[in-house]
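Asks: This structure is in structure tokens; I'll ask about it shortly.
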Amino acid sequence: MTGEQRSGLSLQLQQAGPIPLAAKLDCAAGEILALVGPSGSGKSSILRCIAGLLRPQSGSVRCNGEIWLDTVNGVDLPPRRRRVGMVFQNYALFPHMSAVENVMSAMTDVPPEQRLDQARVLLRRVHLDGLEDRRPALLSGGQQQRVAVARALARDPMALLLDEPFSAVDQVTRRKLHRELADLRRQWHMPVILVTHDLNEAAMLADRLCILHRGATLQSGPPQEVKSRPRNALVARLVDLQNVFEGVVREQRESPPLTLIEWPAGRLEVRRQPEFAAGTRVHWVVPPDNIILHRRDRPSRGERENPVAGVVAECLTLGEQISAVMHVAGRADLRLHLTMPAHVARRNRIGEGEPICVSLLAEGIHLMPWQPQTPKDAGAEEPAGI
Amino acid sequence: MDWQALSLSLKLSTWTVIVLLPAGLLLARELAWRRFRGKNLIEATLSLPLVLPPTVLGYYLLVAMGGNAPVGRWYQQWSGHPLVFSFEGLLIASLIFNMPFAVPPMQRALETIPKEMREAAAVCGLSPWRIFRLVELPLAWNGILTAAVLTFAHTLGEFGVVLMVGGSIPGETRTIAIAIYDRVQAFDRDAANSMAALLLALSFVAIVVAQLGGGYLSRRHDR
């Protein structure tokens, strides 16, 4: 899938330093692609390369068949010749211009006599009618963000780049702006690249996630797929999956279709993943919604599925949710992270030091190639060895 | 009152502002936004006239502009008259001793424009010239005004360098500051008094204009 074959944006960037880049991605017209990764992973640098604000050592950027960058053939269009709309993290509105003047400043291709009317129409679209003549300092964070969006759209761009556009507004405004972005997307059929380090925001707004680490694209796909089927342990950690462990494949069964693995706490039945031969060392992950707490008052049907007993080591109340860490019985180095509604925790008397039992659903356990080193900078714990 | 000296001072100040401001603005942009080897050295050199005794700076300029130095020799061959003790020589000296009054205020003002804002202007499709005119100039106007006023006022009052490089040739190099000195030497206290008072008033007005102008421009962004 490349830019030449279809409308949309495609790019390939390589750079050794100062910000390393080894990114390859594409975004179709009408699609929202979220770039997700920790600070310094190169998210904003990729946006800057697309906009022409940063020249990578080598690479190409194509949009709707137009070549914006091709280092092999010496093509590198300046930002003003790439029709992109960009919303900066702090909006970068011109403080000496009113809202409408900010929008008009990007209408370089529109005849001067039409600019004011068109800018007012754009501001109305982002629900800012009546505030056209205000300077940015007199607008709220959410209103400034809307002016920035209107200014980005004023060029009639081929692609829209959003660099953490929601990071500077409060939670309520953020939710409102999320809805407005979804609304805008229906009206403007163009590739939208959203940079964020808020995984929930990315999963909610984007059609696809692209996970970045040290400038390299590790995995891209629909949010649910990336979150439930990470390509490797690093991606699992970057999408905040905490239950990553090591194991060894023991058997591949045809009927019922299962893969058996062994980890320090015993054997586990796993959704069949035949690409891992018996004897292969693997990393495996189980998303929190695939860990079922056994009820104390009465047993349930799922309890026979990969039961794991242990003791609650930590218990944290986060609003209506309880976040607990369980030490697997006899193995304090094996820590399972669980979340559950507060009433479930109360009913099952979940508290520090209490013994509990959970089931790991076979369907939710995902195997990944074993990696000798697990980078610590992803901010997660090391998987427990076998 | 030596009107000829006042007129010459105003002429010198005006020409210094006209020549130094655009050149200083280009230099200030480079210093504000680019990182390069030797940047600190350039900044230190620009500030040197602030701490150097005017007679020392004047002496070196006198030597550099003299007929035995390449610059002075070249100028004399080209124009037919020496650079020292001429208005042109005075203007060159004025450009140099005003560097620390012109460049740093503009540099500081430009440094306050976030990089993101200049990048946003580029992404908006503006050409480099339009970015300069529509974004950089209005946002750095405060510093440019300060630079202009300081340069103008400082040129009016400069004494040591002007005396060393220009001497005191009526109508050519005798500025109002030199005229005051001459009048004091000649015990003409009345003339010295009136010229000193005028210089004091002009300098005070210049500083007030810079402050009011700067305050107005920064308030305008908040309205």
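Asks: Do the conditions hold for A:I67, that is, is it among the aliphatic types (A, V, I, L, M), more than 9 Å from chain B (Cβ to nearest Cβ) and farther than 30 Å from B:T112 by Cα?
Replies: Values: among the aliphatic types (A, V, I, L, M): yes; more than 9 Å from chain B (Cβ to nearest Cβ): yes; farther than 30 Å from B:T112 by Cα: yes.
Yes: the conditions hold for A:I67.
Asks: I've got another one for you. Mind checking which strands (runs of 3 or more DSSP E) fall wholly inside region A:42-126 and carry at least 1 residues that are in contact (Cβ under 8 Å) with a residue 12 or more places away in the chain and among the hydroxyl-bearing types (S, T, Y)? Show your work before the answer.
Replies: Working: elements: A:58-63, A:66-70, A:84-87.
Per the criteria, A:58-63.
Asks: Ok, one more. Kindly establish whether B:V84 is under 22 Å from B:D182 (Cα atoms) and either of a type in the set (A, V, I, L, M) or touching a residue at least 12 places away in the same chain (Cβ under 8 Å) (or both).
Replies: Considered against the rule, which asks whether it is under 22 Å from B:D182 (Cα atoms) and either of a type in the set (A, V, I, L, M) or touching a residue at least 12 places away in the same chain (Cβ under 8 Å) (or both), B:V84 comes out as yes.
Asks: Return the residues of region B:114-160 that are within 14 Å of chain A (Cβ to nearest Cβ) and among the hydroxyl-bearing types (S, T, Y); say none if nothing qualifies.
Replies: Of everything in region B:114-160, just one residue is within 14 Å of chain A (Cβ to nearest Cβ) and among the hydroxyl-bearing types (S, T, Y), namely B:S127.
Asks: Further question: Check every one of the helices (runs of 4 or more DSSP H) wholly within region B:76-130 and list those with 3 or more residues that are under 30 Å from B:E158 (Cβ atoms). Full working, then the answer.
Replies: Details: elements: B:87-97, B:99-111, B:115-123.
Here the list reads B:87-97, B:99-111.
Asks: When you scan region A:78-93, do you find a residue that is over 24 Å from A:L205 (Cβ atoms) and more than 14 Å from chain B (Cβ to nearest Cβ), even just one?
Replies: Scanning region A:78-93, I find no residue that is over 24 Å from A:L205 (Cβ atoms) and more than 14 Å from chain B (Cβ to nearest Cβ), so the answer is no.
Asks: Before we move on, is B:V84 at pLDDT below 90, surrounded by 14 or more Cβ atoms within 10 Å (Cβ to Cβ) and of a type in the set (V, I, T)? Talk me through it step by step, then tell me what you get.
Replies: Working: at pLDDT below 90: yes; surrounded by 14 or more Cβ atoms within 10 Å (Cβ to Cβ): yes; of a type in the set (V, I, T): yes.
For B:V84, the condition - at pLDDT below 90, surrounded by 14 or more Cβ atoms within 10 Å (Cβ to Cβ) and of a type in the set (V, I, T) - is met.
Asks: Has region A:100-108 got any residue that is within 12 Å of chain B (Cβ to nearest Cβ), open to solvent by 10 Å² or more (accessible area, probe 1.4 Å) and under 23 Å from the mean Cα position of the chain (by Cα)? Full working, then the answer.
Replies: First, pick out the residues of region A:100-108 that are within 12 Å of chain B (Cβ to nearest Cβ): A:101-108.
Cutting the leftovers down to open to solvent by 10 Å² or more (accessible area, probe 1.4 Å) gives us A:101, A:104-105, A:108.
In the following step, the residues that additionally are under 23 Å from the mean Cα position of the chain (by Cα) were identified as none.
Checked region A:100-108: no residue is within 12 Å of chain B (Cβ to nearest Cβ), open to solvent by 10 Å² or more (accessible area, probe 1.4 Å) and under 23 Å from the mean Cα position of the chain (by Cα).
Asks: Still on this model: Given the structure, is A:S39 outside any strand (DSSP E or B), open to solvent by less than 50 Å² (accessible area, probe 1.4 Å) and of a type in the set (G, A, S)? Quick ask: steps written out before the conclusion?
Replies: Working: outside any strand (DSSP E or B): yes; open to solvent by less than 50 Å² (accessible area, probe 1.4 Å): no; of a type in the set (G, A, S): yes.
In short, no.
Asks: Among the strands (runs of 3 or more DSSP E) confined wholly to region A:182-265, which include 1 or more residues that are over 26 Å from A:E363 (Cα atoms) and touching a residue at least 60 places away in the same chain (Cβ under 8 Å)?
Replies: Numbers: elements: A:192-196, A:208-213, A:216-221, A:244-253, A:258-263.
In region A:182-265, A:192-196, A:208-213, A:216-221 are the strands (runs of 3 or more DSSP E) which contain 1 or more residues that are over 26 Å from A:E363 (Cα atoms) and touching a residue at least 60 places away in the same chain (Cβ under 8 Å).
Asks: Before we move on, is B:V205 at pLDDT below 85, farther than 30 Å from A:R155 by Cα and out of contact with any His (no Cβ under 6 Å at 6 or more places or on another chain)? Outline the logic, then answer.
Replies: Values: at pLDDT below 85: no; farther than 30 Å from A:R155 by Cα: yes; out of contact with any His (no Cβ under 6 Å at 6 or more places or on another chain): yes.
Here the answer is no, as B:V205 does not meet what is asked.
The rows are residues; the columns are (1) β-branched (V, I, T); (2) at pLDDT 90 or above; (3) more than 11 Å from the chain's Cα centre (by Cα); (4) open to solvent by 50 Å² or more (accessible area, probe 1.4 Å).
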| site | (1), (2), (3), (4) |
| --- | --- |
| B:S7 | no, no, yes, yes |
| B:W15 | no, yes, no, yes |
| B:L21 | no, yes, no, no |
| B:R34 | no, no, yes, yes |
| B:V51 | yes, no, yes, yes |
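Asks: Moving on to the next point. Scan region A:310-324 residue by residue and report those that are within 29 Å of the chain's Cα centre (by Cα) and farther than 17 Å from A:I292 by Cβ. Step through it out loud before you land on a result.
Replies: As a first pass, look at region A:310-324 and keep what is within 29 Å of the chain's Cα centre (by Cα): A:314-324.
The answer is A:E314, A:C315, A:L316, A:T317, A:L318, A:G319, A:E320.
Asks: Can you tell me which residue among B:F132, B:F97, B:F101 is open to solvent by 30 Å² or more (accessible area, probe 1.4 Å) and within 12 Å of the chain's Cα centre (by Cα)? Full working, then the answer.
Replies: Values: B:F132 fails: within 12 Å of the chain's Cα centre (by Cα); B:F97 fails: open to solvent by 30 Å² or more (accessible area, probe 1.4 Å).
So the residue among B:F132, B:F97, B:F101 that is open to solvent by 30 Å² or more (accessible area, probe 1.4 Å) and within 12 Å of the chain's Cα centre (by Cα) is B:F101.
The values are calculated or read from the model by the stated rules, or taken from the named source; none is laboratory data. Predicted model only: the values in this text are computed from it and were never measured. Cβ: placed from backbone, ideal geometry, glycine included. Neighbour counts: every protein chain shown. Note: areas computed on protein heavy atoms with side chains; ligands, DNA, RNA excluded. Shrake-Rupley method; radii C 1.70, N 1.55, O 1.52, S 1.80 Å.
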